Each structure stands twice: as C-alpha cells, then as structure tokens.
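Contents: one structure, followed by commentary.
The values are calculated or read from the model by the stated rules, or taken from the named source; none is laboratory data. Please read these numbers as outputs of a predicted model, since none were measured by experiment. Cβ placement follows ideal geometry from the backbone for every residue including glycine, while neighbour counts extend to all protein chains displayed. Each accessible area value is taken on the protein alone, full model and side chains, heavy atoms only, with ligands, DNA and RNA left out. Shrake-Rupley method; radii C 1.70, N 1.55, O 1.52, S 1.80 Å.
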Amino acid sequence: MNRMKRIQTTIGILLFFFIIVIGFQGCGKSSADSVNRKLIVIGFDGMDPQLLSKYMDEGRLPNFSTLAETGDYKPLGTSVPPQSPVAWSNFITGMNPGGHGIYDFIHRDPQAMLPISSTSKTKGSDRTIRIGKWVIPLSSGEIINLREGEAFWTILERHDVPITVFRVPANFPPVESEGKTLSGMGTPDLLGSFGTFSYYTDDPPSNRDDISGGIVYPVQKVNNSVEADLVGPKNVFLESEPDATVPFKLWCDPENGTAKIVVQDHTILLQEKEWSDWIQVEFDLLPAGLESVTGICRFYLKEVYPKFKLYVTPINIDPSNPAMPISTPEDYVQNLHHDCGYFYTQGMPEDTKALSWGVFNYSDYHSQSENVLEERLKLFDHVFNEFEEGLLFFYFSSTDLNAHMFYNMIDPEHPSYDPKKAKKFKDVLAVLYERVDKVVGKVTKKLDRNTTVIFMSDHGFAPFRRAVHLNTWLKDEGYITLLDESKQEESEYFQNVDWSRTQVYGLGFNGIYANLRGREAYGFVSSREKEALLQEISEKLLALRDPKNGKKIVHRVYRAREVYSGKNLEHAPDLVVGYNRGYRASWETTIGNFPRKWIADNMDPWSGDHCMAAELVPGVILSNKRIDAQHPKLYDMAPTILAEFGIEKNDDMVGNPIFDVQTRRSAAK
C-alpha cells in the first residue's frame, strides 16, 4: 500500500514567490516585572514517564534523578488526542484544540470529502504571464500557518523579554517575531514534502511503486560506473512544472567496497556503510543562471557489490541560503549555519520511512538517527552557550522518533519482536535517555538563583501491537456504505464511499465525523439523529474486544463538546477515539482506505506510539521549582512561562500557571 504518500498530504510549497502575511502588533509594549529572570525550557518529544522512572531507578540517569529529588517531577497531562501537532499547539497557545484549531495531523475538507494537511497551506501566485513555455509570476504566493491563537513568545516580546525558540513543532512558517526562532516539525524539505528520500539501486525491491516517503530509482552499472540525477523541486517557471534535476556520476571499486561520487563541484569518497558530509547542490530554474535554488543532502553508500545500493537524504532547505522562511529573523538560520555548519532543516529528520519500507535495516536507521542527534546536541551547545537572558526553548526529536522505531526491542509481546535483533538494539532507548541526561546536567550546573528550568515532554509512549482499521469496522457495523463491495481494498481517500447512505466516517488517527447534513457536502445524518448515533457508536467502541486475545481495544471515547472549548469547536471531530495501550488506528484508515479485515497485527518497525487515550500516555515535567499544580497539563505551560516574567495570561488561555498555586489563590481571595 502506498502508505505515507496517502498519509502525508504534500504541502505543495511554491518555493520562490511568496509573502508571509501575518499581522504584526507592535504597539503597547510594556516591560515585564521580572526583567532579570531567566527561564529555560527543554522539550524532549515523547519522553515517557514509565521509561524515565525505570531508567532513573536503575541509576542510569543521575542528573534527572538529582533534579527530581531537589526540585520536582510529575506526569504532564497531554492533549486530546496525544498527537504532536495538537500537543505542541496546546503548549504554544495555552489553549486546547477548540481554540487553536489543530485536531490531528490530518484534517478534512467537508466539501471535497478529502484529507488535507492540518498545519499549513499554500496559495500560489494569482497573476502570471506566459512567454512561450515559461511562466513568469507577477505576484507572490503565500504559505499560511493554520494554527490559531497567539504564541506565548510573542506575548513575552511585547513585554521586552528576549526570546530564543529553537525548533518548536507546529510553527511553520514561523510566526513573525523579533526574537530568534527556528521552525521545527511541519517544516518541509525542498520538494515541499515532509521528507522524500532517494534510493538508487540495480536491485529495486518488488514493492518499489508502493514505497512512500521516498522514491526508488533503478540504475545500471556500466563498467562499474553509475549515472543518475538528484531530483529537486518542481520548476514552476515552466508550464509543465517538471522536476528540477542535478546529474551525478559514481564509480565503484567492488574489491575495496568503495565509491567515488562527483556531483557539480563536489567529489565524495565513501566506503560501504559510510555517510558523506552535507553537500550543497544548486538546481537551475531559468536559463543562464537567472534563477536557481540550493538545497543540501547527504549520501549513504549501503552496498557496492554484489548489488549497488545508494541512499540519499531528502533534499533539505539550505540553511545558508533558505528557499523559504524557516527562521526569525530571516538570517538567524544563516548565522547558525555560519557557526555550526550544515544541519537538517527538515521538520522530522529521522528517516523512519526508509526503515519501515526496508530501504534501511535497523543498523542503517540507527546510524542515521545518530547523525540527527549529534547535530542537535552540537546546536544545543551553541544556542545554550549564547543564551544570556529571557526565555530559551530548545527541542529534541530523537526521544520520540526512536521510541516509535525501537519500541519492539523492549516489548517481547510485540508481534514483530525478534530476540536476535532485540539483543543488539534493546538498549538504544536507554542509551538515548542517558545522552539527554547529560543535557540536563549541562543546564542544571549553570543555574543561578534567578533562573527557572523546566524539562518536559508533550506525551509519553506505549506499544503499538495491533492496528485497527476503524473505517472497515464502521463499514462492517453498517455505518459506512460502499459503492462497490468488490473493490473495497482498491479504493483510496473514501473514493468508493456511497455518501448518500453513509452515517459516519473516520479520518486522521483518532477522529470520527458524522456525515452531517448542512456541514458535509453529501450529508446524510440530520442534526436530530446525530446525538443518538454518536452515543450508539461510542458504546459499541467501548465494548469492542480484540478477537485475538479478548483485550479491550478502546479505553475512552471523547465527545468534542466535553473536552474542547473555543471558537474553532465547529471544526472538531464529533468523536475522538482514545485507544487502549497496544492499539492504534491503522495507517490505511487514517485517510479513508478499507482493508478487508478490521484489525491486524502491526508488523511495521513503527512499533511504539501515543495516538491513544490521553490518560494512558502522559508526558513528563521536571523543574528546579516545586510544581504546586496537582495535575499539570500541557496547556498550563504557556501561562506558566508568562507568569515567570510577571505577565498575566491571555483571556483565551484555558491553562493556569503551575508554580506558586497557593500564593496566587491567596492573592485572588
């Protein structure tokens, strides 16, 4: 199945012609009460309280343990649902999804009845002229961040608090800011996708047309040499919008397992299982060098003989010459490159897709993810050493994406558990936690009496053993009707659904929507029928048991009106399915596909997850201050950050500061 191509709705970035239109409010500035205070917030995506406590108990994390003993350590309530763009939007705005409007990785267009990206959209140039085969835009396109609600750091700036916000998710394009920010999860590669690798081989896999998140390019070795092209962005200057390409040539030495690669003015020598440094490549778009764009990539020589296998990372936005806005000020990313060299700018840099589709084995993936972590640690040292005042937020992705891919190494009950592989990789997560424990040590050793530090995660983790094809279950229960039952497994994107007889449908990782008259394009259910229908489905889901082992599949079903509030409530799913630990929506069901059976073993290396009931996968929070809030939640973080500088929260924030709760209550009385 063409999984991630269906799931990852391409952002479709027009790389060269845009103006970011974000209202800027610069009036009414007032200085914060605590101008000398400093606040450091480190986000470890997906850090799990069960794993953290386990490794602390084993004595592997001395700095986390010391902080927990001398400061405080609690679970941190996550978002509903516990998906990263939702969770980090809660963190950024102090709102729940009803306010900021991000409910899932995937939203739906109720008129087209198709999945769309939840976090950003693009608008092309609305005025062009054509000169032969060339298309010349006369106005700029636009990239729009769909998250609503004000980011906490823009409030800090209005009160003259300096800010550095490094790679926070759900901030692409970055909101206008005078401070230093670099966009994180949601930032595309140069092709406008969330990450498209290239794989050149003379032994293409049989599933090459199904592979998503990457493209397989069959090649032939002629006299031990290979010629191919690096494929870049669409050339929007040409009417047919062909791919811009850069040719490269490679010479193999089978006896020594080495290869020489020549691309533009770069010559690269690699041994098998070796990574190149970052290479800058330039894609020409107009003749005579009138317009071009640069990107960066790394080569990984998997094998020279007997088969030829060469992996190339997604073409990343070049931090030395970015083709689209990824930082504020715009030259901040260029300054980072000047000081630290090239680095991944792609929002989700760990190439989980290459492992899921068998292009990588676990050793390949581990080496690639180590590259990401080493870069991030180097950047952290640089940013942390430069930090002098105000707020510093810094984000690590490795604790999340490696848990996704290595969870089966610590879960003997997982259907893909392999004792031999587990023997080799069972400590990957523990060692990763040890490495970020050193980050904790670096920070806490430099604390002074005016500095508050918070280490936190957006959610925890759980095994993902069984995949629920929710739309298939809804169809089997009579809530979805297909146009042609014989083509159930062939259709994509709900294209085989008979909307005139369909009551509800599942979209995204946790959502169920009623096919409501007056809201959906082909609505079938009346407003009067809706509540009873949703109650019936909720009861059935809560009673659902796994035919393989009798376990309860759904822990909780949330009603939108019960867990969300704000002006965007009308866009919410009607039901949010909170799966039990071990269960998650299948990749296929998230975008409207219908496998024949409604549940199956998850054999994907993506073996851990968190898109479950929020109560079952909380994040963590540790601080050098006592956390007075009994049950702190993600949306409490923005008000907490503001309060550290003596700033009141916005009226639309639903969270509250987590420190000095009793003091604030007394003051209020």
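Say we look at the stretch 230-275 and pick out the residues that are of a type in the set (Lys, Arg) and more than 31 Å from the chain's Cα centre (by Cα); which of these is surrounded by the most Cβ atoms within 10 Å (Cβ to Cβ)? Break it down into steps so the answer makes sense when it comes.
In the first step, residues of the stretch 230-275 are kept if they are of a type in the set (Lys, Arg); the result is 234, 249, 260, 273.
Add one more test, that the residue is more than 31 Å from the chain's Cα centre (by Cα), and what stays is 249, 260.
Details: 249: 12, 260: 14.
Among those that are of a type in the set (Lys, Arg) and more than 31 Å from the chain's Cα centre (by Cα), it is 260.
Residues are listed down the side, and each one gets a yes or a no for (1) within 19 Å of residue 547 (Cα to Cα); (2) at pLDDT 95 or above:
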{"residue": "580", "(1), (2)": "yes, yes"}
{"residue": "585", "(1), (2)": "yes, yes"}
{"residue": "590", "(1), (2)": "no, no"}
{"residue": "595", "(1), (2)": "yes, yes"}
{"residue": "599", "(1), (2)": "yes, yes"}
{"residue": "610", "(1), (2)": "no, yes"}
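Out of 325, 412, 419, 329, I need the residue that is open to solvent by 10 Å² or more (accessible area, probe 1.4 Å), modelled with pLDDT under 95 and of a type outside the set (Ser, Thr, Tyr). Which one?
On inspection, the qualifying residue turns out to be 325.
Across the stretch 172-227, what is the total count of residues that are buried (at least 23 other Cβ atoms within 10 Å of the Cβ), assigned to a loop (DSSP other than H, G, I, E, B) and β-branched (Val, Ile, Thr)?
Final tally of qualifying residues: 3.
Where residues in the stretch 446-474 are over 25 Å from residue 592 (Cβ atoms) and among the charged types (D, E, K, R), which of them is surrounded by the most Cβ atoms within 10 Å (Cβ to Cβ)?
458
Name the residues in the stretch 356-403 that are touching a Gly at 6+ places or on another chain (Cβ under 7 Å) and of a type in the set (S, T, N, Q), would you?
399 - this is the single residue of the stretch 356-403 that is touching a Gly at 6+ places or on another chain (Cβ under 7 Å) and of a type in the set (S, T, N, Q).
This table checks each residue for (1) open to solvent by less than 10 Å² (accessible area, probe 1.4 Å); (2) outside any loop (DSSP other than H, G, I, E, B); (3) touching a Lys or Arg at 6+ places or on another chain (Cβ under 7 Å).
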{"site": "82", "(1), (2), (3)": "yes, no, no"}
{"site": "85", "(1), (2), (3)": "yes, yes, no"}
{"site": "88", "(1), (2), (3)": "yes, yes, no"}
{"site": "108", "(1), (2), (3)": "no, yes, no"}
{"site": "111", "(1), (2), (3)": "no, no, no"}
{"site": "115", "(1), (2), (3)": "no, yes, yes"}
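Only one residue in 466, 501 is among the basic types (Lys, Arg) and within 30 Å of the chain's Cα centre (by Cα). Which one?
Result of the check over 466, 501: 466.
Scan the stretch 339-352 residue by residue and report those that are in a loop (DSSP other than H, G, I, E, B), surrounded by 22 or more Cβ atoms within 10 Å (Cβ to Cβ) and hydroxyl-bearing (Ser, Thr, Tyr).
344, 345
Taking the condition over 27 Å from residue 310 (Cβ atoms), in contact (Cβ under 8 Å) with a residue 24 or more places away in the chain and open to solvent by less than 10 Å² (accessible area, probe 1.4 Å), does residue 336 pass?
So residue 336 fits the description; yes.
Please state which one of 181, 196, 201 is β-branched (Val, Ile, Thr) and within 28 Å of residue 654 (Cβ to Cβ).
That would be 181, the only listed residue that is β-branched (Val, Ile, Thr) and within 28 Å of residue 654 (Cβ to Cβ).
Given the conditions (1) over 17 Å from residue 198 (Cα atoms); (2) open to solvent by 40 Å² or more (accessible area, probe 1.4 Å), which single one is not true for residue 286?
(2)
Using the structure shown, decide if residue 348 is of a type in the set (A, V, I, L, M), under 17 Å from residue 605 (Cβ atoms) and within 22 Å of the chain's Cα centre (by Cα). Show your work before the answer.
Numbers: of a type in the set (A, V, I, L, M): yes; under 17 Å from residue 605 (Cβ atoms): yes; within 22 Å of the chain's Cα centre (by Cα): yes.
Criteria met by residue 348.
Is it the case that some residue within the stretch 445-457 is in a helix (DSSP H, G or I), within 19 Å of the chain's Cα centre (by Cα), closer than 18 Å to residue 54 by Cβ and of a type in the set (Ser, Thr, Tyr)?
Let us first name the residues in the stretch 445-457 that are in a helix (DSSP H, G or I), namely 445.
Those still in the list that are within 19 Å of the chain's Cα centre (by Cα) too: none.
The answer is no, given that none of the residues of the stretch 445-457 is in a helix (DSSP H, G or I), within 19 Å of the chain's Cα centre (by Cα), closer than 18 Å to residue 54 by Cβ and of a type in the set (Ser, Thr, Tyr).
Determine, yes or no, whether residue 352 is in contact (Cβ under 8 Å) with a residue 60 or more places away in the chain, among the hydroxyl-bearing types (Ser, Thr, Tyr) and touching a His at 6+ places or on another chain (Cβ under 7 Å).
Considered against the rule, which asks whether it is in contact (Cβ under 8 Å) with a residue 60 or more places away in the chain, among the hydroxyl-bearing types (Ser, Thr, Tyr) and touching a His at 6+ places or on another chain (Cβ under 7 Å), residue 352 comes out as yes.
Can you name the condition, by its number, that residue 526 falls short on among (1) open to solvent by less than 10 Å² (accessible area, probe 1.4 Å); (2) more than 30 Å from residue 415 (Cα to Cα); (3) among the small types (Gly, Ala, Ser)?
Of (1) open to solvent by less than 10 Å² (accessible area, probe 1.4 Å); (2) more than 30 Å from residue 415 (Cα to Cα); (3) among the small types (Gly, Ala, Ser), only one is false for residue 526: (1).
Restricting attention to the stretch 392-427, which residues are within 30 Å of residue 646 (Cα to Cα) and either touching a Pro at 6+ places or on another chain (Cβ under 7 Å) or of a type in the set (Phe, Trp, Tyr) (or both)? Steps first, please.
Residues of the stretch 392-427 that are within 30 Å of residue 646 (Cα to Cα), as a first pass: 392-396.
Passing the criteria: 393, 394, 395, 396.
Check the stretch 602-610 and report whether any residue there is at negative phi, in contact with a helix residue (DSSP H, G or I) (Cβ under 6 Å, 6 or more places away or on another chain) and of a type in the set (A, V, I, L, M, F, W, C). If you could, list the steps in order and put the result at the bottom.
Step one: filter the stretch 602-610 for residues at negative phi, giving 602-610.
Subsequent filtering for residues that are in contact with a helix residue (DSSP H, G or I) (Cβ under 6 Å, 6 or more places away or on another chain) retains 604-608.
So of that shortlist, the ones also of a type in the set (A, V, I, L, M, F, W, C) come out as 606.
Yes, that holds for at least one residue.
Any residue in the stretch 500-517 that is in a helix (DSSP H, G or I), at pLDDT 95 or above and either of a type in the set (A, V, I, L, M, F, W, C) or closer than 20 Å to residue 572 by Cβ (or both)?
Start the filter on the stretch 500-517 by keeping residues that are in a helix (DSSP H, G or I), which leaves 500-501.
With at pLDDT 95 or above added as a condition, the list becomes 500-501.
In the following step, the residues that additionally are either of a type in the set (A, V, I, L, M, F, W, C) or closer than 20 Å to residue 572 by Cβ (or both) were identified as none.
Checked the stretch 500-517: no residue is in a helix (DSSP H, G or I), at pLDDT 95 or above and either of a type in the set (A, V, I, L, M, F, W, C) or closer than 20 Å to residue 572 by Cβ (or both).
Looking only at the stretch 382-437, which residues are out of contact with any Leu (no Cβ under 7 Å at 6 or more places or on another chain) and acidic (Asp, Glu)?
Of everything in the stretch 382-437, those that are out of contact with any Leu (no Cβ under 7 Å at 6 or more places or on another chain) and acidic (Asp, Glu) turn out to be 386, 388, 389, 400, 411, 413, 418, 427.
Looking at the stretch 53-70, is at least one residue modelled with pLDDT of 50 or more, in contact with a helix residue (DSSP H, G or I) (Cβ under 7 Å, 6 or more places away or on another chain) and part of a loop (DSSP other than H, G, I, E, B)?
yes
I'd like the full set of residues that are more than 16 Å from residue 214 (Cα to Cα), assigned to a loop (DSSP other than H, G, I, E, B) and of a type in the set (D, E, K, R), limited to the stretch 278-323.
307, 318
Give me the residue from the stretch 364-401 that is without any contact (Cβ under 8 Å) to a residue 40 or more places away in the chain and of a type outside the set (D, E, K, R) and, out of that set, farthest from residue 187 (Cα to Cα).
385
Among (1) in contact (Cβ under 8 Å) with a residue 60 or more places away in the chain; (2) surrounded by 14 or more Cβ atoms within 10 Å (Cβ to Cβ); (3) farther than 24 Å from residue 594 by Cα, there is one condition residue 509 misses while meeting the rest; what is its number?
(3)
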